[in-house]
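Before any comments, here is the structure.
The values are calculated or read from the model by the stated rules, or taken from the named source; none is laboratory data. Keep in mind it's a predicted model, so treat the numbers as computed, not measured. Methodologically, a virtual Cβ is constructed for each residue, glycine included, from the backbone with ideal geometry; neighbour enumeration extends over all protein chains shown.
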Amino acid sequence: MTKSLKWWQWETLAVTTGGYALYYIIRKNLSIAMPLLGEIGITKVQLGAFLTAGGIVYGAGRFLNGIVADRNSARKVMAAGLFICAGANILFGCSDFIASALGGAQSTAALVWTMGILWMLNQYFQGMGVGPCVKTLPKWFAPDELSTKQSLWNLSHSIGAGAVFALCGWLLIPLFHSWRLCFIVPAAIAIAGGVAVLALFKDSPEVVGLDSPGGLACKTGDAGDEGDGADYRSYVARWVFKNPRVWTIAIADFFVYTVRFAALDWGIVLLMETKGLSLAAATALCFVFEIAGGNAGMVVAGWATDRFFASRAHRTSVVCMLLAALAIGAFWLVPSSAPLAVKLVPFMLIGFAVYGPQALLGVATTQQATPRAAGVAGGFVGIFSYASTILSGLGFGYVAQRWGWNAAYATMFAAALAGAATLLFIWRAGCDARDI
């Protein structure tokens, strides 16, 4: 019996969501293994350098691999990325043996360099995960439901992060006290997932003999006068690099990620030092921020975009960033003596508000750059997203140390307002790149 379009749509959503979640289990495992890596002589400064450099390399990898995804089969690119990253993780798990063979008496220095190079390799090819998804979903879902479905796909971030936390933090480390297994076991799972991606991923409805969904009010097809034979570099230059709407989205995403990373990366310290929470309580609030607030925010924002904002993802994002500013202000004003629940609600609302734009600006990018250039456009915006660590990481820490936590809260508040204000410049834009 021939499977229906609806069946294939849900399979595609499941495969892309699960596939990208697998990238996370071989990307977020380093953070969980870090305490054990400290036991073998890797310093916190060196581990911090891995994370900082990794973020920069990942941003560049998203952009460059977005070009690869746009020019090739999304199925093959996504699977290849999983295989390469899994290989880098396996080698990372064996890096002490490799370093010992290479370094001799200088094995500690060799270990740092070996781990650093392998982690940068992993981070670069992690960029092969996003492009295939943002390229494929608009081909399978009509524009008036794309925001909802892409928000559901965005749950892959939390699914993957939660899975690797459970696998390494609650199973492998307690049972085996082994940092190596935190890289080798997730890598084995990712390899199996890569095989599944090759078997189940379908690049478009045409591959299975179906017509693409279309004929709806807000089309996301390739922009009119550029046919399939048009020069690709000229096409990308027009719809990405010379497209003021894509630049506007990229700048706005810088501020969205500044708020997200400031609340998430500094959350434990922020909660302990400004709200008087214990480490356990602060960790619980950060978990709620990500899992409950973030996931609910993505789903609700996607639904609201299609239901109330005529699929204009950038408009929903304006509302969300204004809500984020209000939530930051409310949390800032909560006294340290307040009950835990009073602290939990506004902090969770920050996650609820900021994860909506984190998902939806990917949809807005595809809408304004066209699906044909979606991979490159997503990578371009991603550079701005991860450049935000300059402000949310080093900048946020400097502000807090120099002027105190009130100034740090003010920085978050200002970033949320700046994100909303930036998107107001394209408020009147449609969700079809051809109306430029």
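What's the total number of residues in region 307-323 that are crowded, with 23+ Cβ neighbours inside 10 Å, modelled with pLDDT under 95 and of a type in the set (A, V, I, L, M, F, W, C)? Within region 307-323, residues that are crowded, with 23+ Cβ neighbours inside 10 Å, modelled with pLDDT under 95 and of a type in the set (A, V, I, L, M, F, W, C) number 1. Being small (Gly, Ala, Ser) and in contact (Cβ under 8 Å) with a residue 12 or more places away in the chain is the filter; apply it to region 245-281 and report the residue that is farthest from Glu145 (Cα to Cα). Here the answer is Gly276. Hey, among the residues in region 3-39 that are in contact with a helix residue (DSSP H, G or I) (Cβ under 9 Å, 6 or more places away or on another chain) and outside any helix (DSSP H, G or I), which one's farthest from Leu181 (Cα to Cα)? The extreme case among them is Lys3. Residues that are within 20 Å of Val342 (Cα to Cα) and in a helix (DSSP H, G or I) within region 242-276 comprise Ala263, Leu264, Gly267, Ile268, Val269, Leu270, Leu271, Met272, Glu273, Thr274, Lys275, listed in sequence order. Tell me whether region 250-273 contains one or more residues that are under 19 Å from Ala327 (Cβ atoms), surrounded by fewer than 21 Cβ atoms within 10 Å (Cβ to Cβ) and modelled with pLDDT of 90 or more. Scanning region 250-273 turns up no residue that is under 19 Å from Ala327 (Cβ atoms), surrounded by fewer than 21 Cβ atoms within 10 Å (Cβ to Cβ) and modelled with pLDDT of 90 or more. Could you tell me whether Asn154 is under 20 Å from Asn295 (Cα atoms) and surrounded by 20 or more Cβ atoms within 10 Å (Cβ to Cβ)? Yes, satisfied. When the residues of region 376-395 are filtered to those that are within 15 Å of the chain's Cα centre (by Cα) and among the aliphatic types (A, V, I, L, M), the one that is farthest from Tyr257 (Cα to Cα) is Ala377. If you filter region 81-114 down to residues that are closer than 18 Å to Val57 by Cβ and of a type in the set (Gly, Ala, Ser), you find that the one that is modelled with the lowest pLDDT is Ser95. Are any of the residues in region 81-90 in contact with a Ser or Thr (Cβ under 9 Å, 6 or more places away or on another chain) and either assigned by TED's automatic domain parsing to the domain that holds Gly19 or on the phi < 0 side of the Ramachandran plot (or both)? Looking for residues that are in contact with a Ser or Thr (Cβ under 9 Å, 6 or more places away or on another chain) and either assigned by TED's automatic domain parsing to the domain that holds Gly19 or on the phi < 0 side of the Ramachandran plot (or both), one finds none in region 81-90, hence no. Of all positions in region 332-350, none carries a residue that is under 30 Å from Cys431 (Cβ atoms) and among the polar types (S, T, N, Q). In this structure, Phe165 does not qualify as at pLDDT 85 or above and part of a helix (DSSP H, G or I). Pairing residues of region 136-152 that are touching a residue at least 40 places away in the same chain (Cβ under 8 Å) and in the same structural domain as Phe309 (by TED's automatic domain parsing) with residues that are surrounded by fewer than 24 Cβ atoms within 10 Å (Cβ to Cβ) and not hydroxyl-bearing (Ser, Thr, Tyr), at Cβ distances under 7 Å and at least 6 apart in sequence or on separate chains, gives no pairs at all. Filtering Thr16, Thr43 for residues that are of a type in the set (Ser, Thr, Tyr) and surrounded by 14 or more Cβ atoms within 10 Å (Cβ to Cβ) leaves a single hit, Thr16. Pairing residues of region 411-436 that are modelled with pLDDT of 90 or more with residues that are loosely packed, with under 15 Cβ neighbours inside 10 Å, at Cβ distances under 9 Å and at least 6 apart in sequence or on separate chains, gives Phe425/Pro244; Ile426/Pro244. Only one of the listed residues (Ala310, Ala284, Ala292) is in a helix (DSSP H, G or I) and in contact (Cβ under 8 Å) with a residue 12 or more places away in the chain. That residue is Ala292. None of Tyr355, Tyr398 is under 16 Å from the mean Cα position of the chain (by Cα), outside the structural domain of Arg71 (by TED's automatic domain parsing) and farther than 18 Å from Phe241 by Cβ except Tyr355. I'd like to check something: does region 102-114 contain any residue that is under 24 Å from the mean Cα position of the chain (by Cα) and either of a type in the set (Gly, Ala, Ser) or farther than 21 Å from Arg180 by Cα (or both)? The answer is no; no qualifying residue exists. If you check Gly87, Gly131, Gly160 for being more than 30 Å from Cys431 (Cβ to Cβ) and touching a residue at least 12 places away in the same chain (Cβ under 8 Å), only one passes: Gly87. Filtering region 82-92 for residues that are under 16 Å from Tyr20 (Cβ atoms), among the small types (Gly, Ala, Ser) and in contact with a Phe, Trp or Tyr (Cβ under 9 Å, 6 or more places away or on another chain) leaves an empty set. In the set Ile56, Ile42, only one residue is in the same structural domain as Ser156 (by TED's automatic domain parsing), farther than 30 Å from Ala142 by Cβ, at pLDDT below 85 and not in a helix (DSSP H, G or I); that residue is Ile42.
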